[in-house]
1. Would you check if there is a residue in the range 100-123 being open to solvent by less than 30 Å² (accessible area, probe 1.4 Å), modelled with pLDDT under 80 and within 28 Å of Asn21 (Cα to Cα)?
2. Just the residues that are part of a strand (DSSP E or B) and among the charged types (D, E, K, R), please, taken from the range 275-315.
3. Filtering the range 450-478 down to residues that are in a helix (DSSP H, G or I) and over 37 Å from the mean Cα position of the chain (by Cα), which residue is modelled with the highest pLDDT?
4. Quick check on the range 138-146. Is at least one of its residues at positive phi and either part of a loop (DSSP other than H, G, I, E, B) or at pLDDT 50 or above (or both)?
5. Being crowded, with 17+ Cβ neighbours inside 10 Å, in contact with a Pro (Cβ under 9 Å, 6 or more places away or on another chain) and not aromatic (Phe, Trp, Tyr) narrows it down to one residue among Leu304, Leu280, Leu327; which is it?
6. What are the pairs with Cβ atoms under 7 angstrom where one residue, in the range 374-399, is at positive phi and the other, located anywhere, is modelled with pLDDT under 85 and of a type outside the set (Lys, Arg)? Sequence gap at least six, or different chains.
7. Quick check on the range 167-189. Is at least one of its residues at pLDDT below 75, part of a loop (DSSP other than H, G, I, E, B) and of a type in the set (Ser, Thr, Tyr)?
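The values are calculated or read from the model by the stated rules, or taken from the named source; none is laboratory data. Not measured: the values here are computed from a predicted model. Cβ atoms come from the backbone with ideal geometry, glycine included; neighbour counts cover every protein chain shown. Ligands, DNA and RNA are stripped out before the accessible areas are found, and what is left, the full protein with its side chains, is counted by its heavy atoms. Shrake-Rupley method; radii C 1.70, N 1.55, O 1.52, S 1.80 Å.
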Amino acid sequence: MSMMSDSHSKLLDLYPVWESNDPPDEQDVPFIEQSLAAALNRLAVLKAEKDKILQKVATPHSMDLPLHLEARTKQLDGAPRIPALDRTIRLQKCVINAHKSILSAVRRLPPEILGEIFYLALPARADWFYSDISEPVPGSPWLLSHVCRKWRAAVRGNALLWSNIRVDTIKLHSRLFHSFFEQRDRRGLETQIALSANTPLSVDLWITRAIKPDSPKLPKFFEIVFGQSNRWKQLNVRWSGDPPSLYLLSSITGQLPHLQRLIFHPHGLFDPLPAELHALFAVAPALREVLLTGNDFMVPSPPLDLPWHQLERLRMCSNQAYIVQNLPKAVNLLDCAIAPTPIPLLLPNVRRLTLCDAKPDWLKLDTPLLEHLHLQACTDIVFQIMIRPMSNLRSLKLTNIVSDDPNSLFTVLRNLPAISHLELYFEAWNMNSAPHDKQYAFAVSFAAAMKISHESTTSNLCPRLISLRLVFPHLFHYPQPDELYHSFFEMVQSRWR
């Protein structure tokens, strides 16, 4: 009786551990393991007792036994024990799961390791600023801190989790009319800044014309974020329409010693950027990457003054005069995406190049170290312009291809012997004949030409190719694709050897 009371007392002492994610004390682990073994033995005894009762109704002739099991068990002496045994078995399984949970290795993870796991699992960019205690957003450190005391300590102790800050003036505009929301949001932002410690910050600013610079409350939020501009590692500024709030950015001019990556372009149509804001990022000694337009080059880039000689990556869509004036200064560019293409284009160190158009003066393209080339709006004329050797080119991507003659593409590929990655995206053609017939014939010819001959290696196209991606929009609905499938299977088989 005394031993049972001691065990019961120990179980009561462990109650705080059952109700938390804390690991048990080392001296309690043997007792928990013994309790788990006893629970497993007890479960085995209960299952054996139940099986013994059920075996009495098991006969070789009762193929439909499950249908009559309940009725037949009532005829047995031990039948009334079946429901009680089921309840006890379920309870015993809960006890076992609880013991296993206490002994789980997850409970012993140090807060530093747990915080690192959280950092790797969370989205790279999340709307964390608006996920305070009353409105937790999935995937935010605020939400993780609500799980338990241990997780809260791990989250609050990892400054990287709080290093992504986003301020959206649309949301602020809808909430600043209420002093409760305004104070709560400001406290949340201040708390996030404090928890980020001295970690470099990634800042997203979404600015619209809905907020005016004379707003009595909006500057308070910007002052909090701008006061940390010396810690900014990445800045993403998007705006739409007339951007009066961009004047608030003037306070960060010359205050960006650690800024490495800048995304700065409007969302949709916009009014010209005021001339006094052109020099916002002229002084940024660590700036290496500048993206001034989207991947589709649909939105013109603002004419910013940049430290061009520092840049290693650039994406912009601007007028010819601005590009011709400033691009030659970017002598250290390694990755360049630009529209329109200036002629001549002198980029002696560039390794990766994206062009939206190809000029007849293609031969004036001076990129001796080019390894990755992406051309958009490819036509037969473009293929004719590209007939020039590029011995260092390793990756070629052609999008929006409109071509009747596959031989023009084959001529280009013959001049690229080192190509290892090839991507071809064909446009949805608008021709008199059925577009799927055109693309089908092109695809069959391409597959046949790409087959490798092991007897005569000099005529092989792209002999070093290791990855190929083809997109033909019209082939999905082609009624008889057998010939195409056969051609591609033969091509792959020839290169597999």
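1. yes
2. Just the residues of the range 275-315 that are part of a strand (DSSP E or B), to begin with: 289-291, 313-315.
Those that are part of a strand (DSSP E or B) and among the charged types (D, E, K, R): Glu289, Arg313, Arg315.
3. If we filter the range 450-478 for residues that are in a helix (DSSP H, G or I), which is where we start, we get 457-459, 475-477.
Next, only the ones that are over 37 Å from the mean Cα position of the chain (by Cα) stay: 457-459.
Working: Thr457: 64, Thr458: 69, Ser459: 72.
Going through the qualifying residues, I end up with Ser459.
4. Let us first name the residues in the range 138-146 that are at positive phi, namely 139.
Then drop every residue that is not either part of a loop (DSSP other than H, G, I, E, B) or at pLDDT 50 or above (or both), which leaves 139.
So far as the range 138-146 goes, yes, one or more of its residues are at positive phi and either part of a loop (DSSP other than H, G, I, E, B) or at pLDDT 50 or above (or both).
5. Details: Leu304 fails: in contact with a Pro (Cβ under 9 Å, 6 or more places away or on another chain); Leu280 fails: in contact with a Pro (Cβ under 9 Å, 6 or more places away or on another chain).
Answer to the check: Leu327.
6. Cβ pairs passing all conditions: Ala377/Cys356; Ala377/Asp357; Ala377/Asn400.
7. First pass over the range 167-189, keeping only residues at pLDDT below 75: 168-185.
Now drop any that are not part of a loop (DSSP other than H, G, I, E, B), which leaves 176-178.
Adding the requirement that they be of a type in the set (Ser, Thr, Tyr) leaves none.
No, because not a single residue in the range 167-189 is at pLDDT below 75, part of a loop (DSSP other than H, G, I, E, B) and of a type in the set (Ser, Thr, Tyr).
Per-residue answers, yes or no, for (1) open to solvent by less than 30 Å² (accessible area, probe 1.4 Å); (2) in contact (Cβ under 8 Å) with a residue 40 or more places away in the chain; (3) under 22 Å from Met390 (Cα atoms):
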{"position": "Leu292", "(1), (2), (3)": "yes, no, no"}
{"position": "Pro300", "(1), (2), (3)": "no, no, no"}
{"position": "Leu311", "(1), (2), (3)": "yes, no, no"}
{"position": "Tyr322", "(1), (2), (3)": "yes, no, no"}
{"position": "Cys336", "(1), (2), (3)": "yes, no, yes"}
{"position": "Ala339", "(1), (2), (3)": "yes, yes, yes"}
{"position": "Leu345", "(1), (2), (3)": "yes, no, yes"}
{"position": "Thr354", "(1), (2), (3)": "yes, no, yes"}
